Structures are given as structure tokens and as C-alpha cells.
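First up is the structure itself, then whatever we jot down about it.
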Amino acid sequence: MMASGDPVPVLHGANRVAVLDAGQMILHGEPSNVYGQPMTLDRGVAMPPLAELAVLLNRRSETNFRFETVDEAAGQLRRYLAV
């Protein structure tokens, strides 16, 4: 178990994540799923930069990006832009 306000080590080092708000669990699950939820960003939870970028792009372009690494982001964006 670990507690952190820095999402990057959580994303890469945890099997499960719980997000608390005022002592109440509002989200839980695998890190990539939790950080892929727009609600996570809306609640002001610190997100890994690439996960935040994916959520923002999904809102603007009605896509379903999910990336944790630069290579994943580059690959998905290349495929999207090639269409």
C-alpha cells in the first residue's frame, strides 16, 4: 500500500488505485482505468500528464485515447492523424 499525491509513480507502480475525496472513495480500479476517467480530472485529482492529455483530447475530438507512455501516445496519434 502507498499513498501519493504524485500520479506518475502510482500509474507505473500500483496494481490498484483508490481516489479519495473528503475521506470518501470516489474511484477505484486499475491505474490506467482510473486515470482514464474524465471524472478524475474534473475532481481536481493530479493526473499523469499523458493521461490528462488523453482525457482532454477525448473530450474535444470524441476519441478514445488512453496512453501512459510517450510511445503509446505517439503511436495512437499517428494512427488517428493518418486516417
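Bear in mind these aren't lab numbers, they're just calculated from the coordinates by the rules spelled out. If you're wondering where the values come from, they're calculated on a predicted model, not measured in any experiment. Methodologically, a virtual Cβ is constructed for each residue, glycine included, from the backbone with ideal geometry; neighbour enumeration extends over all protein chains shown.
Among Arg66, Arg16, Arg43, which one shows the highest mean-square fluctuation when the chain is modelled as a Gaussian network with alpha-carbon springs under 10 Å? Comparing Arg66, Arg16, Arg43 in the GNM, the peak value goes to Arg43. Using r as the Cβ-Cβ distance of Asp42 and Leu77, and R0 as 22 Å, what FRET efficiency do you calculate, to the nearest 0.05? Plugging the Cβ-Cβ distance into 1/(1 + (r/R0)^6) gives 0.40. Helix 70-82 and the longest principal axis of the C-alpha atoms of the chain enclose an angle of approximately 40°.
Each Lys or Arg adds one and each Asp or Glu takes one away; over the other residues whose Cβ falls under 14 Å from the Cβ of Gly75, this sums to 0. The Cβ shell under 12 Å around Gly44 holds other residues with a net charge of -2, Lys and Arg each +1, Asp and Glu each -1.
Put the Cα centre of region 51-67 next to the Cα centre of region 4-48 and the gap is 16 Å. Put simply, the amide H of Ile26, placed in the peptide plane, has neighbours under 5 Å in Val19, Leu20, Asp21, leaving out anything fewer than 5 places away on its chain.
According to the Cα-based calculation, Rg over Rh for region 1-74 is 0.95, with Rh computed by the Kirkwood formula. Length gained on full extension, Thr69 to Ala22, computed as 0.36 nm times the residue gap minus the Cα-Cα distance: 13.9 nm.
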